[in-house]
Number of protein chains: 4
Amino acid sequence: MIQMTLIQIDNYGPWTVTPRPRTESDLQILQAELFADVQRLIAAKKGLVFFTRFDNMLAITNGLDAEDHMRIQRSIKNRYPITISMGVGAAETAHDAQRLATEALQREGGAQSSERKEILAIDSLVDPEDSFVQVAHIDINSVTETLTDIESAFDTSFMVNRAQHYLMTKLREHKALLFFIGGDNFMSPCNGLSEEEIQDILIEIDEEIGIGLKAGIGRSPNAEDSAYMADIGLEIIRDGNNEKWIEVVDKL
Amino acid sequence: MIQMTLIQIDNYGPWTVTPRPRTESDLQILQAELFADVQRLIAAKKGLVFFTRFDNMLAITNGLDAEDHMRIQRSIKNRYPITISMGVGAAETAHDAQRLATEALQREGGAQSSERKEILAIDSLVDPEDSFVQVAHIDINSVTETLTDIESAFDTSFMVNRAQHYLMTKLREHKALLFFIGGDNFMSPCNGLSEEEIQDILIEIDEEIGIGLKAGIGRSPNAEDSAYMADIGLEIIRDGNNEKWIEVVDKL
Amino acid sequence: MIQMTLIQIDNYGPWTVTPRPRTESDLQILQAELFADVQRLIAAKKGLVFFTRFDNMLAITNGLDAEDHMRIQRSIKNRYPITISMGVGAAETAHDAQRLATEALQREGGAQSSERKEILAIDSLVDPEDSFVQVAHIDINSVTETLTDIESAFDTSFMVNRAQHYLMTKLREHKALLFFIGGDNFMSPCNGLSEEEIQDILIEIDEEIGIGLKAGIGRSPNAEDSAYMADIGLEIIRDGNNEKWIEVVDKL
Amino acid sequence: MIQMTLIQIDNYGPWTVTPRPRTESDLQILQAELFADVQRLIAAKKGLVFFTRFDNMLAITNGLDAEDHMRIQRSIKNRYPITISMGVGAAETAHDAQRLATEALQREGGAQSSERKEILAIDSLVDPEDSFVQVAHIDINSVTETLTDIESAFDTSFMVNRAQHYLMTKLREHKALLFFIGGDNFMSPCNGLSEEEIQDILIEIDEEIGIGLKAGIGRSPNAEDSAYMADIGLEIIRDGNNEKWIEVVDKL
């Protein structure tokens, strides 16, 4: 089972414009620093956070219990002008896990409620013996040669976003998630998806929009090790001149 | 005229997997911190950076000269395990400006060339008297009520990404850019676009995918002030119950 | 027993002037960020770091094992232009613990050796059942009224440094350490010191230089809880109008 | 003339214990990050900040005007749970400048007044044509060989603190300041001090406590360039095997 946490800034929208709109660069710095900090705190326990919408972040948190979550909320409250609420859910698929996490938090009040503050709403946690995380690290074949070094920077980012949107659309139909993690890289928490299903999605995208993708797939009891195994999978594909679409690596 | 800078991490891809893949959480922290730091340094001169692909960032840099750019490169080199190269371009539209910036840098070598390092490639700079930045701050009407508080966190981010992809596609055809800036917010450097063109794009997206958007449009000689004017425009629309699609605010 | 870790930047001095002196503000930011980051990583396991000399930091690390230390080294290497080596020691007193930690690292090579890099030299670790940390949180009575609000900022910092130097001198004779932690606050890892010994030191300093101090003393199996108990001790003294010199609070 | 700014966290002491004592590691991270951030913002204009007491920082701010100061206050307010007030003073000596800065701020209310918030109290600013900064960068001769590599880490830091206290005491008598900047390094804003006076202080300390010091002295219109010139001075002394006590370098 995979455990996911939704991290939501409390009442953020109204705060950004009270008493008047805050300087955009400050908000960008605040959001990036908050993401980096939550990442550090969750990574200390081998979890992994995705920036998602920055004011709403999703994280794989297998291995983190209630106290671990509360310590993160406390540390953020002590160092930021805002506070965070969290929902936690565990399920067989990543989409179900984040849905349970979201619903648990939604039951405590709205994201822009001025009453709801620093809530920790736990729907379910993964037992250590059931802990299992499958992630696919997906990137674009030869992006530097085919895009970065010849297209304009914005047009390259447009193509990357296009790949992202197609990946999100198709993976979501299989109850998997998809996050952009920078460069030409995406990460998909995809418990329950077979290798064939992942490969088929990559082939479909190549046929539909002509963007060649490959995926290293890692499996272990936690996000950190699975992400590392997925990276090893990507390296194996690169060593074989990108002839394979996917490569699965299990942590023994 | 608008001036744009491409900030590119030198030879980043190979570095992330040498001698073996680096811990993903560390890379995520590194990228977010780098973005936050470059933002601080560029914002000190009233510019504004968009995280774009993190290893490739685009910035509006009206008001920053060659020395300002070099100081940023030096500060990053002194504090990070990586270095950055930059290209700078000025043009009547944001897309042309970033294209000139990209081409200037591409002429100095590839993004994964181990020889190209800390290049500052300036195609053109905006003269103070010609400096003009138009940005649209676009957000989704009632996103908290219609998405955040009722859909799962991932499904909301999927809808936001969908809006982003449609906005990118349409704005790019008009030589404007579009960046996600967190939450349900997008910012479009859009020098040269008329109010009608922007409104038409928002109407089209509402008709095509049923996502209601609004845009505050700000104009001034620099990115900071234009972004602030755009925020004021959004506030005016909100005060009118989102009945208007757009609102333009010029800095006097 | 108390466990202490010495965190030392490898070959830092030469790096700061190669190929020419690096901008001082960048070095100050680098050092402060490194301290903040190491603090986050060690605090995730309830340890506590003191900035000490910044290029050499001392930390109370009861509860952190070899893998915890290695993860910190890896994360720093992945995000900074420098690397860190560490020595770890455990003993009945804090001074002995840091001495053992230092000696373990010194045996591996000099701080400015270009060969010694990312060493983890463990002399000894504290067993969980023997883990015990006593810290005194010491501050100056009424510093705002008697110094901050009437003296110049530098003269106040001079008086604080004077108190620090006297505290360091006297506590060191009792095998306790003393670190400045900002404001008018000091923290002393002081396993083995009796309440009377601490009180006598505060009385002596009052008599010798006329600076009134008080100390909350906390005891628990780890640095985080002991520091919190010490804070509670200080609050109790304040509630009694600073009539007591010390207050001990044990974590039950 | 030298311009100095006092940066003071508003009502910080009470905040750190309300509603109960905040986690010490969080406060240490907050203080270090705040220092690093203020440093970035002031360094963008070639100023230099010293961490001093962290809740009270002193900075050389030649070249920064009222708007520059206000922008720093705004950025901190937008990203931290605390706000800062500032006092600014200009004078022939650094001690007088910081005294004027402190007095200007003290007149606006106490550091722990709950009413005084985000004050910018400017006593005086330096005119560009009168701008002059003299700083001495002082370090300990052969600290690695004589202390770091043979003494325990705490005992080395004790010796460094001892040097600091003697330097502070003597320089203050000459209206110069002295700040610890990490390692075995100190920086003294010392407008008005002659080379002979500085050399005499170093000789006295060597005779009194047996710690050999050297000083590079830099002069220019701003802190950044003067600090760099001082570094060049230190390098020249090192190249001469530390035979000279001081070396002055003027920016042409």
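The values are calculated or read from the model by the stated rules, or taken from the named source; none is laboratory data. Everything numeric in this text was worked out from a predicted model, so none of it was measured. Neighbour counts are summed over all protein chains in view; Cβ atoms, including those assigned to glycine, are modelled from backbone coordinates with ideal geometry. Calculation scope for accessible area: heavy atoms of the full protein, side chains included, ligands and nucleic acids excluded. Shrake-Rupley method; radii C 1.70, N 1.55, O 1.52, S 1.80 Å.
Within region C:218-242, the only residue that satisfies the criterion of being more than 12 Å from chain D (Cβ to nearest Cβ), part of a loop (DSSP other than H, G, I, E, B) and under 21 Å from C:VAL126 (Cα atoms) is C:PRO221. Please verify whether A:HIS165 is within 15 Å of the chain's Cα centre (by Cα) and either free of Cβ contacts under 8 Å to residues at least 24 places away in the same chain or in a loop (DSSP other than H, G, I, E, B) (or both), treating the condition exactly as stated. Judged against the criteria, A:HIS165 is a match.
Annotation for region D:87-96: at least one member residue is more than 12 Å from chain C (Cβ to nearest Cβ) and part of a loop (DSSP other than H, G, I, E, B). Of all residues assigned to region B:191-204, none qualifies as being closer than 30 Å to A:LEU105 by Cβ and either open to solvent by less than 60 Å² (accessible area, probe 1.4 Å) or of a type in the set (A, V, I, L, M, F, W, C) (or both). Screening the candidates B:PRO81, B:PRO19 for the property of being within 7 Å of another protein chain (Cβ to nearest Cβ), open to solvent by 10 Å² or more (accessible area, probe 1.4 Å) and either polar (S, T, N, Q) or not in a helix (DSSP H, G or I) (or both) yields one hit, B:PRO81.
The set of residues in region D:1-15 being surrounded by 22 or more Cβ atoms within 10 Å (Cβ to Cβ) and in a helix (DSSP H, G or I) consists of D:TYR12 alone. Tell me whether region B:224-241 contains one or more residues that are touching a residue at least 40 places away in the same chain (Cβ under 8 Å) and among the β-branched types (Val, Ile, Thr). Checking region B:224-241: not a single residue is touching a residue at least 40 places away in the same chain (Cβ under 8 Å) and among the β-branched types (Val, Ile, Thr). Counting the residues of region A:48-78 that are surrounded by fewer than 19 Cβ atoms within 10 Å (Cβ to Cβ) and among the hydrophobic types (A, V, I, L, M, F, W, C) gives 2. Within region D:139-162, if we keep just the residues that are part of a helix (DSSP H, G or I) and small (Gly, Ala, Ser), the residue that is nearest to D:ILE236 (Cα to Cα) turns out to be D:SER157.
On inspection, D:ILE122 does not qualify as open to solvent by less than 20 Å² (accessible area, probe 1.4 Å), more than 11 Å from every other protein chain (Cβ to nearest Cβ) and on the phi < 0 side of the Ramachandran plot. Checking each residue in region D:201-223 for being within 17 Å of D:GLN134 (Cα to Cα) and of a type in the set (Asp, Glu) picks out no residue at all. Among the residues making up region B:133-180, a single one is more than 9 Å from chain A (Cβ to nearest Cβ), over 30 Å from B:GLY192 (Cα atoms) and surrounded by fewer than 21 Cβ atoms within 10 Å (Cβ to Cβ): B:THR146. If the condition is being of a type outside the set (Lys, Arg) and under 10 Å from D:HIS137 (Cα atoms), then region D:214-231 contributes D:ALA215, D:GLY216, D:ILE217, D:GLY218, D:SER226, D:ALA227, D:TYR228, D:MET229, D:ALA230, D:ASP231. Residues in region B:30-59 that are outside any helix (DSSP H, G or I), touching a Gly at 6+ places or on another chain (Cβ under 7 Å) and at the interface with chain A (Cβ under 7 Å from one of its Cβ atoms): 3 in all. Counting only residues that are open to solvent by 80 Å² or more (accessible area, probe 1.4 Å) and within 11 Å of B:GLN8 (Cα to Cα), region B:110-119 holds 2 of them. Taking the listed residues A:GLY210, A:GLY192, the one that is within 21 Å of A:LEU6 (Cβ to Cβ) and more than 14 Å from every other protein chain (Cβ to nearest Cβ) is A:GLY192, with no other qualifying.
Taking the stated definitions as given, is D:ILE181 modelled with pLDDT of 95 or more and over 21 Å from the mean Cα position of the chain (by Cα)? It is false that D:ILE181 is modelled with pLDDT of 95 or more and over 21 Å from the mean Cα position of the chain (by Cα). Before we move on, is D:MET229 open to solvent by 20 Å² or more (accessible area, probe 1.4 Å), farther than 23 Å from D:THR93 by Cβ and hydrophobic (A, V, I, L, M, F, W, C)? The answer is no for D:MET229.
Residues in region D:43-83 that are aliphatic (A, V, I, L, M) and in contact with an Asp or Glu (Cβ under 8 Å, 6 or more places away or on another chain): D:ALA43, D:LEU48, D:ILE76, D:ILE82. Free of Cβ contacts under 8 Å to residues at least 12 places away in the same chain and open to solvent by less than 10 Å² (accessible area, probe 1.4 Å), is that true of C:MET187? Criteria not met by C:MET187. Regarding region C:99-117, can at least one residue be identified that is of a type outside the set (S, T, N, Q) and assigned to a strand (DSSP E or B)? Among the residues of region C:99-117, not one is of a type outside the set (S, T, N, Q) and assigned to a strand (DSSP E or B), which makes the answer no. All conditions but one from (1) out of contact with any Cys (no Cβ under 8 Å at 6 or more places or on another chain); (2) in contact (Cβ under 8 Å) with a residue 24 or more places away in the chain; (3) not in a helix (DSSP H, G or I) apply to A:ALA136; the one that does not is (1). Number of residues in region C:92-109 that are open to solvent by less than 20 Å² (accessible area, probe 1.4 Å) and either over 16 Å from the mean Cα position of the chain (by Cα) or without any contact (Cβ under 8 Å) to a residue 40 or more places away in the chain (or both): the value is 2. Take A:ARG40 and decide whether it is without any contact (Cβ under 8 Å) to a residue 40 or more places away in the chain, surrounded by fewer than 24 Cβ atoms within 10 Å (Cβ to Cβ), more than 27 Å from A:MET168 (Cβ to Cβ) and not polar (S, T, N, Q). Considered against the rule, which asks whether it is without any contact (Cβ under 8 Å) to a residue 40 or more places away in the chain, surrounded by fewer than 24 Cβ atoms within 10 Å (Cβ to Cβ), more than 27 Å from A:MET168 (Cβ to Cβ) and not polar (S, T, N, Q), A:ARG40 comes out as no.
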